[in-house]
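The values are calculated or read from the model by the stated rules, or taken from the named source; none is laboratory data. Note that the coordinates shown come from a computational prediction; the quantities given were computed from them, not determined experimentally. We place every Cβ from the backbone using ideal geometry, glycine too, and count neighbours over all the protein chains shown. The protein model used for the area step is the full one, side chains on, heavy atoms only, and it has no ligands, DNA or RNA in it. Shrake-Rupley method; radii C 1.70, N 1.55, O 1.52, S 1.80 Å.
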Amino acid sequence: MGGVRRQLEVAVKLASLKGGRDGRLVVVSANLAHCVVAGDIAPTLQAALDDWASTAPRLARLAAQLDAGAANGSQPFDPRACAAPLPRAHHWADGSAYVNHVELVRRARGAELPPTFWTDPLMYQGGSDDFLGPTDDAPFASEDQGIDLEAEIAVIVDDVPMRCTAEAAAGHIRLLLLVNDWSLRNLIPGELAKGFGFYQSKPATAFSPVAVTPDELGDAWRDGKLHRPLVSHVNGAAFGAPDAGVDMTFSFPQLVAHAARTRRLGAGAIIGSGTVSNRDRSRGSSCLAEKRTLELLGSGAPSTPFLRFGDRVRIEMFDAAGRSIFGAIDQRVVAAA
């Protein structure tokens, strides 16, 4: 059935088929070709995370059986049948770990970057009650709101205690997945001017069809960072492929520790990296705002428009052999009903 898993503690790929508000948990083969319902182990991904010490080894054994062609009930894996791995979560917080991206955007509007931005992560708490599936249409009220993609990576943790150190936080990261943290750029300035953060400018977030354990990533996962290019396409044209492990100022353990500084994090909390960005601009961008900023700095005016209804965005990551790791976020921008 393709794909050989590393014999480590837990190596597994997980997804949630649509059905009910929290989906139905499935184990996915290493090559993303097949899946098997894991209901005998845990009905949902949230249930699996709530008892990870017990469920993870059983899910890994089922994954090994699936890859060997010995799993009863195996079926073709179809990302179109998937909700987000966690269709809703208790907690979703997004950082801004690529400070060079923040520095660039601020420079375009003549704002200095405070020195603390290099030592203290930025983070906002977003809506987590209504995530979009990987191939769901992305609905927006108006094209005039400045519709933008934001290609990112995120981790899902188990229970994290308050004041957890970054060293300890590394042991609480259970899964990784891809994110499109949709933004409405024309609403952001007015909201930030109120001094109270994002809300309407951050609509429903989309996630990759598959979430994977760190052990499944092999040597690409090191130092709390995922060292692979994050590939984005807009309307079929290549848009960017910055390496997620390069220029990441704050690692995922540091982001998790930052989120847990004054509170506990419950199992299933999702912590995002923020827009992936490299100083090497030849690798492209992960959001339109960054590309428009580069155009502004280069020629005095941006030339790339924000997204319009009917546009399509695809976000994916591949391993060193060119195989998709998480499956693709592949969405069409549509007018909200």
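For a quick check of your reading of the model, give me the residue pairs whose first member lies in region 284-298 and is modelled with pLDDT of 95 or more and in a helix (DSSP H, G or I), whose second is β-branched (Val, Ile, Thr) and surrounded by 24 or more Cβ atoms within 10 Å (Cβ to Cβ), with beta-carbon atoms closer than 8 Å and at least 6 apart or on different chains.
GLU290/THR275
Here's a check for you: in region 142-171, which residue that is under 17 Å from the mean Cα position of the chain (by Cα) and not acidic (Asp, Glu) is farthest from GLN331 (Cα to Cα)?
Once the filter is applied, the top-ranked residue is VAL157.
Restricting attention to region 217-239, report how many residues are part of a helix (DSSP H, G or I) and either on the phi > 0 side of the Ramachandran plot or open to solvent by less than 40 Å² (accessible area, probe 1.4 Å) (or both). Working first, answer last.
So the first thing to find is which residues in region 217-239 are part of a helix (DSSP H, G or I), and the list is 217-220.
Filter once more, keeping what is either on the phi > 0 side of the Ramachandran plot or open to solvent by less than 40 Å² (accessible area, probe 1.4 Å) (or both): 217-218, 220.
Selection size over region 217-239: 3.
Of everything in region 308-330 that's touching a Leu at 6+ places or on another chain (Cβ under 7 Å) and not in a loop (DSSP other than H, G, I, E, B), which residue is farthest from VAL105 (Cα to Cα)?
Once the filter is applied, the top-ranked residue is SER324.
All but one of (1) over 23 Å from the mean Cα position of the chain (by Cα); (2) farther than 29 Å from THR249 by Cβ; (3) touching a residue at least 40 places away in the same chain (Cβ under 8 Å) hold for HIS34, so report the exception by its number.
With respect to (1) over 23 Å from the mean Cα position of the chain (by Cα); (2) farther than 29 Å from THR249 by Cβ; (3) touching a residue at least 40 places away in the same chain (Cβ under 8 Å), HIS34 is out only on (1).
Look through region 46-83, keep the residues that are of a type in the set (Ser, Thr, Tyr) and within 23 Å of VAL155 (Cα to Cα), and return whichever of them is least open to solvent (accessible area, probe 1.4 Å).
To start, the set of residues in region 46-83 that are of a type in the set (Ser, Thr, Tyr) comprises 54-55, 74.
With the extra rule that they be within 23 Å of VAL155 (Cα to Cα), the set shrinks to 54-55.
Working: SER54: 50, THR55: 5 Å².
Ranking the candidates gives THR55 first.
Spot the failing condition for LEU177; the list is (1) part of a strand (DSSP E or B); (2) touching a helix residue (DSSP H, G or I) at 6+ places or on another chain (Cβ under 9 Å), and only one is missed.
Single failed check for LEU177: (2).
For the subset of region 98-124 comprising residues that are part of a loop (DSSP other than H, G, I, E, B) and in contact with a helix residue (DSSP H, G or I) (Cβ under 6 Å, 6 or more places away or on another chain), which member is surrounded by the fewest Cβ atoms within 10 Å (Cβ to Cβ)? Give the steps one after another, and end with the answer.
Residues of region 98-124 that are part of a loop (DSSP other than H, G, I, E, B), as a first pass: 98, 109-114, 119-122.
From the residues that got through so far, the ones that are in contact with a helix residue (DSSP H, G or I) (Cβ under 6 Å, 6 or more places away or on another chain) too are 113, 121.
On the way: LEU113: 15, PRO121: 19.
Here the answer is LEU113.
So MET162 fits all but one of (1) more than 30 Å from ASP311 (Cα to Cα); (2) of a type in the set (A, V, I, L, M); (3) assigned to a helix (DSSP H, G or I); what number is the exception?
Going through (1) more than 30 Å from ASP311 (Cα to Cα); (2) of a type in the set (A, V, I, L, M); (3) assigned to a helix (DSSP H, G or I) one by one, MET162 breaks only (3).
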